[in-house]
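Asker: Take this structure first; my questions come after.
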Amino acid sequence: MGQVTYEEACEYILDIPKFAGKHTLADTKEMLGQLTGSRIESKIIHVAGTNGKGSVCAYLQSILRAAGFHVGMFISPHLETMRERILYDGEMIPQESFVKAFELVREESDRQKEKHPSFFEFLFLMGMCYFKEKEPDYIILETGLGGRLDATNAVQNPVLSVITTISLEHTAVLGDTLSQIAKEKAGILKQGVSAVYSAKEPEVIHVMEQ
C-alpha cells in the first residue's frame, strides 16, 4: 500500500473496528516506544473521570496558552472530523500531518499484524507521533474509557494527573459501584506524580487516597 490520501486514511481508520480489537496496555506501550523512541520531551497532563473531562482539558489548554506555552491536546470523541481529536495550540492537525502520522502508525501496525491497534489506540498513537514532531511544551491527554487500561495510560511520566467527578458509567466494563469505577479511573495515578481530583463521595475519596 503506497502513499494514501487524507480520505483514504480516514476510511482505513473507520474500518479498524471491523478487524481489530483492544489490546493490552503493554502492547500499546511497546508500539508507542517504537514510534517515538520513548522520547517525548513535552510535559504531559493526564485527565480521566466521568464528567467534565473535556471542559477540564479545554480550561487547561486555555490557561497554558495564555501563559505563553505551546500545547498539544488529544481528546475524544469528534463531531465532524477525526482531526478534532489531535490539536496543537488549539488548531486541528493539518490533513498533511494527519496522513504522515497515519502512515507511521500503519507501517508499525503492519509490522506487528497480530497486535494491530484498535480505533482509539490508533488515533492516540497518531497523536503522539504528531506531538513528537511538534514538540509542544505541554501535552494534555484525555482518557477514552476508564483509565487503568486506557491506551493513554501508556505514557509513563506525566507531570500531573487529573481525575474529574465520577459517576456510574460503562458498568459492564468498569464495574457497577462508584468504588470499582474510581479504581479504574485512579489507574492513571503514578508514584511521585502530583494529582488533583474532584470527589464528595466517601468511597471515591477513599480510593483516591489509597
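The values are calculated or read from the model by the stated rules, or taken from the named source; none is laboratory data. The structure displayed is predicted, hence computed values, not measured ones. When we count neighbours, we look across all protein chains shown, and the Cβ atoms used for this are built from the backbone with ideal geometry, even at glycine. Note: areas computed on protein heavy atoms with side chains; ligands, DNA, RNA excluded. Shrake-Rupley method; radii C 1.70, N 1.55, O 1.52, S 1.80 Å.
Asker: Among the residues that make up segment 107-117, is at least one of them assigned to a strand (DSSP E or B) and either within 23 Å of residue 7 (Cα to Cα) or open to solvent by less than 30 Å² (accessible area, probe 1.4 Å) (or both)?
Answerer: No, the conditions are met nowhere in segment 107-117.
Asker: While we're looking at this one, here's another question. Considering 160, 104, 145, which residue is open to solvent by 10 Å² or more (accessible area, probe 1.4 Å), of a type in the set (A, V, I, L, M, F, W, C) and without any contact (Cβ under 8 Å) to a residue 60 or more places away in the chain?
Answerer: 145
Asker: OK, next. Any residue in segment 15-32 that is open to solvent by 80 Å² or more (accessible area, probe 1.4 Å), within 20 Å of residue 81 (Cα to Cα) and in contact (Cβ under 8 Å) with a residue 24 or more places away in the chain?
Answerer: Yes: one or more hits.
Asker: Could you tell me whether any residue of segment 127-134 is farther than 15 Å from residue 53 by Cα, surrounded by 14 or more Cβ atoms within 10 Å (Cβ to Cβ), in contact with an Asp or Glu (Cβ under 9 Å, 6 or more places away or on another chain) and not charged (D, E, K, R)?
Answerer: no
Asker: Of everything in segment 70-80 that's open to solvent by 80 Å² or more (accessible area, probe 1.4 Å) and farther than 18 Å from residue 145 by Cα, which residue is modelled with the highest pLDDT?
Answerer: 70
For every residue, the table says whether it meets (1) among the hydrophobic types (A, V, I, L, M, F, W, C); (2) within 23 Å of residue 157 (Cβ to Cβ).
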{"site": "19", "(1), (2)": "yes, no"}
{"site": "22", "(1), (2)": "no, no"}
{"site": "29", "(1), (2)": "no, yes"}
{"site": "46", "(1), (2)": "no, yes"}
{"site": "53", "(1), (2)": "no, yes"}
{"site": "63", "(1), (2)": "yes, yes"}
{"site": "94", "(1), (2)": "no, no"}
{"site": "99", "(1), (2)": "yes, no"}
